[in-house]
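Report on the following structure.
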Amino acid sequence: MKHFPIFLAVEGRRIVLAGGGDAALSKLRLLLKTEARLTVFAADPAPEIVDWAADGRLTLLRRKMEPGDTLCAKMFYAASEDAEEDARTAAIAHADGALVNIVDNLEDSAFITPAIVDRDPVTVAIGTEGAAPVLARSIKRDLEERLPPALGTLARIGKTFRKAADALPFGRARRDFWSDYYGGAGAAALSRGGEAAVRPALSNLLAAHLSTSPREGHVHFVGAGPGDPELLTLKARNALHEADVVIHDRLISPEILELARREAILVEAGKEGFGPSMPQERINELIVEHAQNGAQVVRLKSGDPTVFGRLDEEIEAMDSAGIGYTIVPGITAASAAVAGIGQSFTRRGRNGSVRFLTGHDMKGFAEQDWAQLARPGEVAAIYMGKRAARFIQGRLMMHGADPATPVTIVENAGRPDARVLATTISQLEPALSEAGLTGPAILMLGLAPRAAENAAKTIDIPVQEAAL
Ligand code: SAH
């Protein structure tokens, strides 16, 4: 984004325009919609401008603009349609501290004027940074058709009712009230009895909303999958769409957070790998607090929430606070990793079980059933295993594992920047350290990427350290 859209407060402020021809007219038509004080400098103004001045809608000075003419101006339009004259007036306005726009000169302008859909106080501004004005106009046309003309009236009356609506608790209850109003009740009142009928309708609607018992808060523990938004379940998408609050781990990709409802409060809780940076008790409290306020909370966890996600601790907190919850499973990192190397976790005749292990637990490197894991044909996905790799390698060798047993490390599994490092138990370190992986990674014991495995079969060499 090279231009950031904002809505500038111009009520009672001074806006100056230099020019009196077509370019000036088209900008003035927009500016006259505002409550700003307009001053136009034009030696030879179009008749419309003269009329507007006569009606007191702007101040017209029939001369060239000179230094000192833009004092205290908030915005300035150079619209003389003469590049040299525009540069001259723009320099004056710039020196006076006004935001300057030179018509048809994107490069030298401090701001651009968007295409505007006006349902005052609802205003839609469409900009393409000068890239596609035709597209902006066609979007404007679509929106003009879509947004009923009464929208402005409804919003204006609605605004006068905001204080009264504060009687409803903040959050979902208030939002439901307003969406009922804009979603039908307001328009129905307007068409039934005109503007006079809208306020009474708002009062009735408010009474109805105040008398219904508040919606209970609810928590969805949602698996966000490994990072690709296409690997989200539909249930996860819907929960995000409905959420008032999303409390998420740092591993969650921005593309997925984008899917949360615009107004949802996003809270980051926790860092990658070794335990959350926000203490678990604080996360539990946060979830409880929001749910007790009636919010639909999504507790978004990477992969599957039931796999190394401290789900139990959070569920216990919900149980003791009496808060309802749902678990929405997700695709765990190991599933994405194994798919990424074209393999299957289980295989008839090779292994009838697969383990998900952590390389790290609360006490440090995690002890496992190494004797079992060292056997031929064993398959395991090791989470949080990067730092523990040398320890894991040592334990497996100590328990007699074949040093040539494949180990494949998949970094950023299921994401566009995924990397695969294929190695063996004996080479695991230093291969892993040398690869310098910085993203989250899964170590897969007993599996080589299918492509490398096939290549090894045909040319009959052991699979080694091939960074794919
Ligand atoms: N609940 C998550 C796991 C959380 S523990 C899940 O089901 O996937 C965090 C560990 O998961 C990381 O240290 C890493 O080992 C693994 N991990 C998470 N996302 C990953 C990804 N996209 N690629 C590889 N490993 C990942």
Query raised in the report: Got a sec to turn the phi values of segment 183-196 into Karplus ³J(HN,Hα) couplings, 6.51 cos²θ - 1.76 cosθ + 1.60 with θ = phi - 60°, whole Hz, x for Gly and Pro?
Result: x, x, 4, x, 4, 4, 5, 4, 6, 6, x, x, 4, 5
Query raised in the report: Between His360 and residues 5 or more places away or on another chain, which pairs have amide H atoms under 5 Å apart, with H built 1.01 Å from N, and which residues are they?
Result: Ala366
Query raised in the report: Tell me, how many Å apart are the Cα centres for segment 192-248 and for segment 307-338?
Result: 22
Query raised in the report: Whose amide H sits under 5 Å from the amide H of Arg13, counting only residues 5 or more places off or on another chain, with H placed in the peptide plane?
Result: Arg37
Report summary line: Magnitude of the Cβ-charge dipole (Lys and Arg +1, Asp and Glu -1) of the chain about the Cα centre, nearest 20 debye, reported as 880
Query - Folded to 0 to 90 degrees: helix 83-95 orientation relative to the chain principal axis, Cα - result: 80
**Report entry** Candidates per chymotrypsin sites (Phe, Trp or Tyr not before Pro) in segment 67-137, loop by DSSP, up to 16 other Cβ within 10 Å
**Finding:** Phe111
Query raised in the report: With Cβ to Cβ distances under 10 Å as the rule, what net charge do the other residues near Val297 carry (K, R +1; D, E -1)?
Result: -1
Query raised in the report: Taking amide hydrogens as modeled 1.01 Å from N in the peptide plane, which residues meet the under 5 Å criterion relative to Ile265, leaving out close sequence neighbours?
Result: Val245, Val246
Report task. Extending each Cα 7 Å along its Cβ direction at Glu84 and Ser353, get the distance between those two points in nm, one decimal. Result -> 9.0
Report summary line: HN-Hα couplings for segment 17-28 via Karplus (6.51, -1.76, 1.60; θ = phi - 60°), in whole Hz with x for Gly/Pro, come out as 9, 10, x, x, x, 4, 4, 5, 4, 5, 6, 5
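Using only helices, what value at 222 nm comes out for the chain when you add -39,500 (n - 2.57) per DSSP H run of length 4 or more and divide by the total residues, to the nearest 500 deg cm²/dmol? Before the final figure, lay out each step's value.
Working: 18 runs with 168 residues, N = 468.
Result for the chain, helices only: -10500 deg cm²/dmol.
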Query raised in the report: How much of Glu281 can a 1.4 Å solvent probe reach, expressed as accessible area in Å² and rounded to 10?
Result: 120
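For a Förster distance of 45 Å, can you work out the FRET efficiency between the beta-carbons of Asp319 and Thr160, rounded to the nearest 0.05?
Once the sixth-power term is evaluated, E becomes 0.50.
Take Lys163, Lys27 and sort them by solvent-accessible surface of the protein heavy atoms, 1.4 Å probe, largest at the top.
Numbers: Lys163 170, Lys27 40 Å².
Correct descending sequence by accessible area is Lys163, Lys27.
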Report task. Quickly rank 3-13, 139-149, 387-397, 349-359 as a protection proxy: mean count of other C-beta atoms within 10 Å, highest first. Result -> 387-397, 349-359, 139-149, 3-13
Query raised in the report: Between Phe111 and Glu144, what length comes free when the chain is fully extended (0.36 nm per residue of separation minus the Cα-Cα distance, one decimal in nm)?
Result: 9.5 nm
Query raised in the report: If you wrap segment 14-113's Cα atoms in a convex hull and average its projection over all directions, what's the area in nm²?
Result: 5.4
Report summary line: With 0.36 nm assigned to each residue of separation and the Cα-Cα distance removed, Arg262 to Thr326 gains 20.8 nm
Report summary line: Ser344 and Asp44 label points (each 7 Å along its Cα→Cβ direction) are spaced in nm at 8.4
Requested in this report: Specify the angular offset, from 0 to 90 degrees and rounded to the nearest 10, of the alpha carbon long axis of helix 150-160 from the longest principal axis of the alpha carbons in the chain.
Outcome: 90
Report summary line: Pseudo-spin-label distance Arg199 to Asp361, built 7 Å along Cα→Cβ, given in nm, is 6.8
Query raised in the report: Across segment 363-372, in residue order, what do the Karplus-derived ³J(HN,Hα) couplings come to in whole Hz, using 6.51 cos²θ - 1.76 cosθ + 1.60 with θ = phi - 60° and x for Gly and Pro?
Result: 8, x, 5, 8, 7, 9, 7, 5, 4, 5
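If I stretch the segment between Asp180 and Phe7 completely, what's the gain in nm (0.36 nm per residue apart, minus their alpha carbon distance), one decimal?
Between Asp180 and Phe7, full extension yields an extra 59.6 nm.
Starting from the Kirkwood Rh over alpha-carbon pairs, what translational D in µm² s⁻¹ does segment 150-210 have by Stokes-Einstein at 25 °C and 0.890 mPa s?
Taking Rh from Cα pairs, D becomes 217 µm²/s.
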**Report entry** Largest-first ordering by accessible area, 1.4 Å probe, given options Ser191, Ser277
**Finding:** Ser191, Ser277
Query raised in the report: Just the projected area, averaged over all directions, of the convex hull on the alpha carbon atoms of the chain: how many nm²?
Result: 32.3
Report task. Using only Cα atoms, find the angle between the long axis of helix 389-398 and the longest principal axis of the chain, and express it within 0 to 90 degrees, rounded to the nearest 10. Result -> 10
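The values are calculated or read from the model by the stated rules, or taken from the named source; none is laboratory data. Fair warning: this is a prediction, and the values are worked out from it, not measured in the lab. With ideal geometry, Cβ positions are generated from the backbone for all residues, glycine too; neighbour counts draw on all protein chains shown. Note: areas computed on protein heavy atoms with side chains; ligands, DNA, RNA excluded. Shrake-Rupley method; radii C 1.70, N 1.55, O 1.52, S 1.80 Å.
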